[in-house]
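Mind looking over this structure? Questions follow.
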Amino acid sequence: MRQFARSKFGASRILGSRARLSHGGHATSRVALVVVALGVACLGLSSTSAVAAPTTTTSTTLPPTIVLAGNAYTRHFLDAQPLPPDARRVATLPTPLSPNGDFGDSPLIRQDHHLYLLPMSVSVDQYVRAHLLQGERITETGSGTAPNAYPTYNLGVSLSCVSPHITFCGVYYQTTEAKNGEQELRVDVQVIYLPILHVKMPTDGVVTVTGYGKTSPMEFSSDPTSVVLSHHQALTLRTVIAKMKDLGFEDTCMEDSLLLKIKVLKHGKVVWSATADECPGALAITTAKSNPILDGRSCPFWHVVNTFFVSGTANATKSQIKGCADSQYS
């Protein structure tokens with residue numbers, strides 16, 4: 001069964017669609033799709049087939065310019081991946097291999113693939129591991145079986161695609177023995193390439209940030225500390241939030257914890273608020289006009305948040321700086 005990499009913030013997750021759950025400080029168990037995934041695993045199939053398309057926080061109708069730019073990036077990304085020199089590209093495979101990846105079909109996902117035949121004596125796994133591009137790492141491996149077919153072997157590669165448009169990019173190698181004695185290879189890439197949002201937090205009200213001393217996936221986040229920001233602090237927070245990426249979707253997480261609350265009050269009324277969670281690492285924003293969900297793994301964001309709380313307070317919130325994804329934010 002495919003082994004999925006753990007979330008940036010350490011909470012286990014299943015990639016898929018879900019509606020956002022808001023329960024204040026309560027850590028909610030998110031297990032939708034788990035039963036389906038386990039059922040597929042029992043049949044010996046890749047767990048990817050149990051994953052639904054992600055729920056989008058942007059419009060599913062992307063601007064044509066974004067689609068074209070994302071497709072171009074994806075093709076370039078695919079062409080750059082390491083391949084054994086004996087692999088020869090073909091239009092079709094004798095035994096077709098299914099699409100591979102962490103996400104199902106979605107208007108948000110840019111994806112492409114190449115097909116190859118090569119000698120059985122070549123180890124694709126060994127070659128890819130020895131020729132990973134800078135910053136790439138193996139994040140998932142697995143195998144699958146089906147009646148009247150040779151076993152398939154999967155290797156997943158991820159890296160940080162440094163672009164304000166990209167939330168996720170991954171590479172997937174899938175091999176199996178061909179009936180003519182050769183080896184089949186399918187290489188898929190998936191990229192989430194989205195518009196840039198530039199979400200702006202208002203700073204002309206009272207901005208309060210609440211962190212927590214303790215978090216638990218099974219209990220309420222506790223030991224809260226609330227800080228009213230100075231105008232300079234509010235402007236700094238506004239700047240880093242404006243640079244955070246659109247998450248584009250939310251993962252279905254098996255466990256989660258509330259990490260942070262931000263609240264802006266004007267004339268005693270909340271006009272803007274946001275919550276950060278542990279998994280999938282989202283900063284969910286609530287305004288009168290929209291509810292964007294940003295990729296909350298930004299290191300600049302957590303470095304700024306860390307400065308708001310004095311030593312010995314909000315330790316669980318401040319600890320999230322250890323799991324941020326600095327290389328993804330330019």
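Given the conditions (1) among the aromatic types (Phe, Trp, Tyr); (2) farther than 17 Å from Leu78 by Cβ; (3) touching a residue at least 60 places away in the same chain (Cβ under 8 Å), and given that Tyr150 satisfies all but one, which numbered condition is not satisfied?
Going through the list (1) among the aromatic types (Phe, Trp, Tyr); (2) farther than 17 Å from Leu78 by Cβ; (3) touching a residue at least 60 places away in the same chain (Cβ under 8 Å), Tyr150 breaks only (3).
Evaluate region 103-126: report whether one residue or more is among the basic types (Lys, Arg), assigned by TED's automatic domain parsing to the domain that holds Cys161 and in contact with a helix residue (DSSP H, G or I) (Cβ under 7 Å, 6 or more places away or on another chain).
Checking region 103-126: at least one residue is among the basic types (Lys, Arg), assigned by TED's automatic domain parsing to the domain that holds Cys161 and in contact with a helix residue (DSSP H, G or I) (Cβ under 7 Å, 6 or more places away or on another chain).
Give the residue, chosen from Gln134, Gln111, Gln126, that is surrounded by 17 or more Cβ atoms within 10 Å (Cβ to Cβ) and not hydrophobic (A, V, I, L, M, F, W, C).
After applying the criteria, what remains is Gln111.
Just the residues that are in a loop (DSSP other than H, G, I, E, B) and surrounded by fewer than 13 Cβ atoms within 10 Å (Cβ to Cβ), please, taken from region 217-239.
Those that are in a loop (DSSP other than H, G, I, E, B) and surrounded by fewer than 13 Cβ atoms within 10 Å (Cβ to Cβ): Met218, Glu219, Ser230.
Now for a separate question. Could you tell me how many of the residues in region 256-272 are assigned to a loop (DSSP other than H, G, I, E, B), touching a Lys or Arg at 6+ places or on another chain (Cβ under 7 Å) and either surrounded by fewer than 20 Cβ atoms within 10 Å (Cβ to Cβ) or of a type in the set (Ser, Thr, Tyr) (or both)?
0
Confirm whether Gly156 is part of a strand (DSSP E or B) and touching a strand residue (DSSP E or B) at 6+ places or on another chain (Cβ under 8 Å).
Considered against the rule, which asks whether it is part of a strand (DSSP E or B) and touching a strand residue (DSSP E or B) at 6+ places or on another chain (Cβ under 8 Å), Gly156 comes out as yes.
A quick yes/no check of all residues on (1) touching a Pro at 6+ places or on another chain (Cβ under 8 Å); (2) over 19 Å from His198 (Cα atoms); (3) not aliphatic (A, V, I, L, M):
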site	(1), (2), (3)
Lys243	yes, no, yes
Asp256	yes, yes, yes
Ala288	no, no, no
Phe308	no, yes, yes
Ala316	no, yes, no
Cys324	no, yes, yes
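Taking region 148-178 as the search range and keeping residues that are farther than 27 Å from Tyr193 by Cβ and of a type in the set (A, V, I, L, M), which one is surrounded by the most Cβ atoms within 10 Å (Cβ to Cβ)?
Here the residue is Ala178.
In region 142-170, how many residues are touching a helix residue (DSSP H, G or I) at 6+ places or on another chain (Cβ under 8 Å) and under 28 Å from Pro94 (Cα atoms)?
Residues flagged as touching a helix residue (DSSP H, G or I) at 6+ places or on another chain (Cβ under 8 Å) and under 28 Å from Pro94 (Cα atoms) within region 142-170 amount to 4.
Right, next: I'm trying to understand the selection: among the residues of region 297-318, which are touching a Cys at 6+ places or on another chain (Cβ under 9 Å) and part of a loop (DSSP other than H, G, I, E, B)?
Across region 297-318, the qualifying residues are Arg297, Ser298.
Hey, could you check region 125-153 for residues that are touching a Pro at 6+ places or on another chain (Cβ under 6 Å) and not in a loop (DSSP other than H, G, I, E, B) and say which is farthest from Lys243 (Cα to Cα)?
Ranking the candidates gives Ser143 first.
The values are calculated or read from the model by the stated rules, or taken from the named source; none is laboratory data. Just so we're clear, the structure is a prediction, and the values are computed from it rather than from any experiment. All Cβ positions, glycine included, derive from the backbone under ideal geometry; neighbour counts span all protein chains shown.
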